[in-house]
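Undergrad: I have a structure I would like to understand better, so I am pasting it below and will then ask my questions one at a time.
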Amino acid sequence: MLEEMVRATANKVIAQDYPFLKTPATLYAVVTKAAQLSETFDYNDLVIHNDETGTSYQGHITAHWYEYTLQVVDRWGNVDETFPAFPDIRSRIQLKTGAFVSVAMAYGDTPAIIREVEL
């Protein structure tokens, strides 16, 4: 009886104060929509090597941000309907629709794409 009461209290506290503990911190997802944004960012302080001439020079790369809609999948790539689609997920990673990614949700916050994966 006491054990049941402690278990019920612990479950209640977790559900109210720590709901992110009930879901995994890292998930797999599939990209269902992808769009290149007009906003850019720079990779600075790069050294570019020319293999043909053997020369090198300083440079930088300007690239676009991307915005994705993600749908959580299980480890076999089947859509997990218990999660809603996550729209408007911004990333520097360039992905195509249908790509599988690993996603982190620290403390249950907005998902962040870690990298592309192969399931």
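The values are calculated or read from the model by the stated rules, or taken from the named source; none is laboratory data. From a predicted model like this one, the values you see are computed outputs, not experimental measurements. Ideal geometry is used to build each Cβ from the backbone, glycine not excepted, and the neighbour counts take in all protein chains shown. To get the accessible areas, we keep the full protein, side chains included, count just its heavy atoms, and leave off ligands, DNA and RNA. Shrake-Rupley method; radii C 1.70, N 1.55, O 1.52, S 1.80 Å.
Undergrad: For I14, work out the one condition from (1) in a strand (DSSP E or B); (2) open to solvent by 50 Å² or more (accessible area, probe 1.4 Å) it doesn't fulfil.
TA: Only one criterion is unmet by I14, namely (1).
Undergrad: Considering each residue of region 33-49, count those that are open to solvent by 60 Å² or more (accessible area, probe 1.4 Å) and free of Cβ contacts under 8 Å to residues at least 60 places away in the same chain, and give that number.
TA: First, the residues of region 33-49 that are open to solvent by 60 Å² or more (accessible area, probe 1.4 Å): 33, 36, 38-40, 42-45, 47, 49.
Applying the additional criterion that residues be free of Cβ contacts under 8 Å to residues at least 60 places away in the same chain yields 36, 38-40, 42-45, 47, 49.
Qualifying residue count, region 33-49: 10.
Undergrad: What tally of residues in region 3-59 results from selecting those that are under 30 Å from T82 (Cβ atoms), of a type outside the set (F, W, Y) and at pLDDT below 95?
TA: From region 3-59, those under 30 Å from T82 (Cβ atoms) are 3-35, 37; that's our starting set.
Subsequent filtering for residues that are of a type outside the set (F, W, Y) retains 3-17, 19, 21-27, 29-35, 37.
Now restrict to residues that are at pLDDT below 95: 3-17, 19, 21-27.
Of the residues in region 3-59, 23 are under 30 Å from T82 (Cβ atoms), of a type outside the set (F, W, Y) and at pLDDT below 95.
Undergrad: Would you point out which residue out of P87, P111 is of a type outside the set (F, W, Y), in contact with a strand residue (DSSP E or B) (Cβ under 6 Å, 6 or more places away or on another chain) and open to solvent by 70 Å² or more (accessible area, probe 1.4 Å)?
TA: Working: P111 fails: open to solvent by 70 Å² or more (accessible area, probe 1.4 Å).
Matching residue, one of P87, P111: P87.
Undergrad: Something else about it: Scan D17, D51, D45 and give me the residue that is among the charged types (D, E, K, R), over 30 Å from G98 (Cβ atoms) and in contact with a strand residue (DSSP E or B) (Cβ under 8 Å, 6 or more places away or on another chain). Before the answer, list the steps.
TA: On the way: D17 fails: in contact with a strand residue (DSSP E or B) (Cβ under 8 Å, 6 or more places away or on another chain); D51 fails: in contact with a strand residue (DSSP E or B) (Cβ under 8 Å, 6 or more places away or on another chain).
Every option except D45 fails the conditions.
Undergrad: For the list (1) touching a strand residue (DSSP E or B) at 6+ places or on another chain (Cβ under 9 Å); (2) open to solvent by less than 70 Å² (accessible area, probe 1.4 Å), I need the number of the one condition that Y28 fails.
TA: Failed condition: (2).
Undergrad: Confirm whether I114 is modelled with pLDDT of 95 or more and within 11 Å of Y28 (Cβ to Cβ). First the steps, then the outcome.
TA: Values: modelled with pLDDT of 95 or more: yes; within 11 Å of Y28 (Cβ to Cβ): yes.
For I114, the condition - modelled with pLDDT of 95 or more and within 11 Å of Y28 (Cβ to Cβ) - is met.
Undergrad: Right, next: Taking region 1-32 as the region of interest, how many residues are touching a residue at least 12 places away in the same chain (Cβ under 8 Å) and small (G, A, S)?
TA: Going through region 1-32 one residue at a time, the tally reaches 2.
Undergrad: Criterion first (under 30 Å from K12 (Cα atoms) and either touching a strand residue (DSSP E or B) at 6+ places or on another chain (Cβ under 8 Å) or open to solvent by 40 Å² or more (accessible area, probe 1.4 Å) (or both)) does V101 satisfy it? Talk me through it step by step, then tell me what you get.
TA: Values: under 30 Å from K12 (Cα atoms): no; either touching a strand residue (DSSP E or B) at 6+ places or on another chain (Cβ under 8 Å) or open to solvent by 40 Å² or more (accessible area, probe 1.4 Å) (or both): yes.
The answer is no for V101.
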